[in-house]
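Below you'll find the structure, written out as structure tokens, and then a few comments.
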Amino acid sequence: MGPDPGENASLVFFLVIAKPLSMIDTLPKVRGTYTENKILADLTWLRVGGPCDVLFQPVDVDDLVAFLSALNPEIPVFPIGVGSNLIVRDGGIRAVVIRMGRGFNTISIDGNLVTAGVAALDQHVARKAADAGLDLTFLRTIPGAIGGAVRMNAGCYGSYAADVFVSAKAVTRAGEVVTLSADDLNFQYRQSDLPDGWVLVEVTFKAPYGDTDALKKRMDEQLTKRNASQPTKERSAGSTFRNPAGFSSTGSEDDVHDLKAWKLIDDAGLRGFQLGGAQMSEKHPNFMINTGDATATDLEKLGEEVRKRVFKSSGLTLQWEIMRVGEPAEGEK
Ligand SMILES: Cc1cc2nc3c(=O)[nH]c(=O)nc-3n(C[C@H](O)[C@H](O)[C@H](O)COP(=O)(O)OP(=O)(O)OC[C@H]3O[C@@H](n4cnc5c(N)ncnc54)[C@H](O)[C@@H]3O)c2cc1C
């Protein structure tokens, strides 16, 4: 006897209507939010970048710990802050991107120790510290969040995250909570060492004391100065290239870096230089801007062309300061 045709039909029916397993179905149960194929252009200052496999927004540290400890170790994760130092390529990121939100933005002060969750914005930390008579003014004009500030050893006006850093809490890729010292992070010019997949969750700074009114005045002045000299209202990611002589993680007098990337770019005649929708700013030649419709490819190509031409004109090789992550678009591979 042959197979029952009715049975075959129901098998075909089942195959047709069964929903393919989405990646989210394979991930640990969490209290936070998963979003599949989240377009990362929505989460970066330059407004470029394709989708990540999944965006995970944990509710709090326990949620993040539960996620990382139960996640298949073969699945890569990539933490982001507010995306103010990133070019995410047009093909997106093949990983679970982790973005910390409200459960990670508390700021508390004890004596001259300032402890902030990694999602607290630099400017909020600077302002709250100033209200308590503590000087973290250098953070006021940096548009990132505290996790990114530590990861990138962010700094300006002669002070750097490394100068005030005491310790940080992180969750390892295996889901263990650890406390990191400055030695662990090995701060360097605009970078630190953090193993892949580790997520910073909280940072403690030790801030110099200062007078609240004087600190506020200084922050206002810095803001005015920055708005006058940099395209702060445009889509950018801050300085595109490191200053070549550039090593100053202390801001001390014997630790200067006189050779400025913007000057080399200007001297090479590249102020305002444009490829597609990507442009080296007229206002500050080391700021790359998305004038409206730039892709990540346009921005990277512009950067590489600038590096080539600066090398021709000065003999110096510029190093990217903006982090470039992810995959090129299909046609660009
Ligand atoms: C207009 C403008 C001006 C700027 N001026 C300055 C300046 O004066 N000085 C300066 O130093 N920078 C400056 N920047 C660059 C940028 O703001 C800093 O690098 C900032 O610290 C990045 O923080 P973020 O939260 O945006 O990090 P993102 O850009 O989201 O991420 C940067 C890196 O940090 C990692 N990261 C972020 N959060 C975490 C976390 N919780 N755990 C582990 N890793 C994490 C990411 O994986 C990535 O590798 C400027 C940018 C702009 C747009």
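Those residues that are acidic (D, E) and surrounded by fewer than 15 Cβ atoms within 10 Å (Cβ to Cβ), I need them from the stretch 280-333; list them, please. Spell out the reasoning first.
At the first step, the residues of the stretch 280-333 found to be acidic (D, E) are 282, 293, 298, 300, 304-305, 321, 327, 330, 332.
Those that are acidic (D, E) and surrounded by fewer than 15 Cβ atoms within 10 Å (Cβ to Cβ): E282, D293, E304, E330, E332.
Quick check on my filter: what residues within the stretch 146-195 are open to solvent by 10 Å² or more (accessible area, probe 1.4 Å), in a strand (DSSP E or B) and hydrophobic (A, V, I, L, M, F, W, C)?
C156, F165, V166, V177, V178, L180
Is at least one residue of the stretch 263-275 at pLDDT 95 or above, within 16 Å of the ligand (Cβ to nearest atom), part of a loop (DSSP other than H, G, I, E, B) and surrounded by fewer than 17 Cβ atoms within 10 Å (Cβ to Cβ)?
No, the stretch 263-275 contains no residue that is at pLDDT 95 or above, within 16 Å of the ligand (Cβ to nearest atom), part of a loop (DSSP other than H, G, I, E, B) and surrounded by fewer than 17 Cβ atoms within 10 Å (Cβ to Cβ).
Can you find, within the stretch 314-329, the residue that is nearest to I39 (Cα to Cα) among those that are within 12 Å of the ligand (Cβ to nearest atom) and in a loop (DSSP other than H, G, I, E, B)?
The residue in question is G326.
Which residue pairs have Cβ atoms under 8 Å apart, sit 6 or more places apart or on different chains, and have a first residue in the stretch 71-88 that is more than 6 Å from the ligand (Cβ to nearest atom) and a second that is among the β-branched types (V, I, T) and part of a loop (DSSP other than H, G, I, E, B)?
The qualifying pairs are I87/T44; I87/V48; I87/I322; V88/T44; V88/V48.
Go through (1) open to solvent by 40 Å² or more (accessible area, probe 1.4 Å); (2) in contact with a Leu (Cβ under 8 Å, 6 or more places away or on another chain) for D25 and report which single condition fails.
Going through the list (1) open to solvent by 40 Å² or more (accessible area, probe 1.4 Å); (2) in contact with a Leu (Cβ under 8 Å, 6 or more places away or on another chain), D25 breaks only (2).
Among the candidates G103, G111, which residue alone is open to solvent by 30 Å² or more (accessible area, probe 1.4 Å), within 15 Å of V164 (Cα to Cα) and more than 15 Å from the chain's Cα centre (by Cα)?
When all the criteria are applied, what remains is G111.
List every residue pair whose Cβ atoms lie under 9 Å apart, where the two residues are 6 or more positions apart in sequence or sit on different chains, the first residue falls within the stretch 129-150 and is assigned by TED's automatic domain parsing to the domain that holds R190, and the second residue, located anywhere, is part of a helix (DSSP H, G or I) and near the ligand (Cβ under 6 Å from one of its atoms).
L139/A149; I142/G148; I142/A149
The values are calculated or read from the model by the stated rules, or taken from the named source; none is laboratory data. Nothing here was measured: the structure is a model prediction, and the numbers come from that model. Here the Cβ is made from the backbone with ideal geometry for all residues, glycine too, and neighbour counts use every protein chain on show. Heads up: the accessible areas ignore ligands, DNA and RNA and are worked out on the full protein's heavy atoms, side chains in. Shrake-Rupley method; radii C 1.70, N 1.55, O 1.52, S 1.80 Å.
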